[in-house]
Amino acid sequence: MFYRLEDGHGLPHDPFKAIVAPRPIGWISSVAHDGSVNLAPYSFFNAVSGKPPIVMFSSELRKDTLANVEETREFACNFVGEPLLKEMSASSASLPRGDSEFDFAHIEQAACHEIKAPRVKAAYACLECKVIKIMNLKDINDEPTNAWTVFGQVVGVHIAEEVMTDGRFDLEKAKPAARLGYKDYAVVRDIFELKRPGQA
Ligand SMILES: Cc1cc2nc3c(=O)[nH]c(=O)nc-3n(C[C@H](O)[C@H](O)[C@H](O)COP(=O)(O)O)c2cc1C
């Protein structure tokens, strides 16, 4: 099938997010000026640069995470393995601004080193980030969209000792969760090497 966006897909549900899958989940913790903390999952999330390491996430509509990072210009991005899936989902509840999803979803927090936002203590990894840029994306007609995209440069990295094997970050141990389309998720289990042309 093919559809032009203007004509609509004619399906029971929009397939877009199922096509762009799997998406890593950035579980974003942040703090407001008044010190209140926030935690929420974002699957419009990815790494966009390696050197320096830069990540992005995108808020559809203005949400508490966006308001916090506008105020304090920093956030932590926690990674969700299979054991934390339920807590991650619970933390997506829409709470009044200032109420902590850490408390609501009974998630233990720990201090970050370089930023004031807390991190998820049980996450297998966490990137401490400082905001580079916040953009309200414009569409092809130069009209503002509902997407607010935040770019952050990584300034500190936490890795849980139990997911390290012989100096390598061991994804078989971390078991990263990813967002698919509809209500679906995946857990990474099938890992293999593929050499690029010219690689030994
Ligand atoms: C797995 C998952 C991924 C999500 N990804 C996004 C996303 O990329 N952008 C977004 O705006 N909301 C996303 N949401 C919804 C937000 O997590 C939800 O609106 C949350 O209440 C926002 O919290 P905040 O207002 O504290 O920032 C996602 C929810 C889940 C469960």
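Values in this text are rule-based calculations from the coordinates and carry no lab data. Source: prediction; values computed, not measured. Cβ sites come from the backbone with ideal geometry, for glycine too, and all protein chains shown count toward neighbours.
The table for this structure:
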read-out	value
Helices (runs of 4 or more DSSP H) (entirely within region 24-124) containing at least 1 residues that are aliphatic (A, V, I, L, M) and within 14 Å of the ligand (Cβ to nearest atom)	64-72, 85-90
Which listed residue, of 117, 174, is in contact with a strand residue (DSSP E or B) (Cβ under 6 Å, 6 or more places away or on another chain), within 20 Å of residue 22 (Cα to Cα), surrounded by 16 or more Cβ atoms within 10 Å (Cβ to Cβ) and touching a residue at least 60 places away in the same chain (Cβ under 8 Å)	174
Identity of the residue in region 1-17, touching a Phe, Trp or Tyr at 6+ places or on another chain (Cβ under 9 Å) and exposed (fewer than 13 other Cβ atoms within 10 Å of the Cβ), that ends up nearest to residue 109 (Cα to Cα)	13
Residue in region 18-37 that is of a type in the set (A, V, I, L, M), loosely packed, with under 15 Cβ neighbours inside 10 Å and out of contact with any Leu (no Cβ under 9 Å at 6 or more places or on another chain) present	yes
Unmet criterion (only one of (1) in a strand (DSSP E or B); (2) crowded, with 16+ Cβ neighbours inside 10 Å) for residue 133	(2)
Single unsatisfied condition, residue 200 versus (1) surrounded by 11 or more Cβ atoms within 10 Å (Cβ to Cβ); (2) in a loop (DSSP other than H, G, I, E, B)	(1)
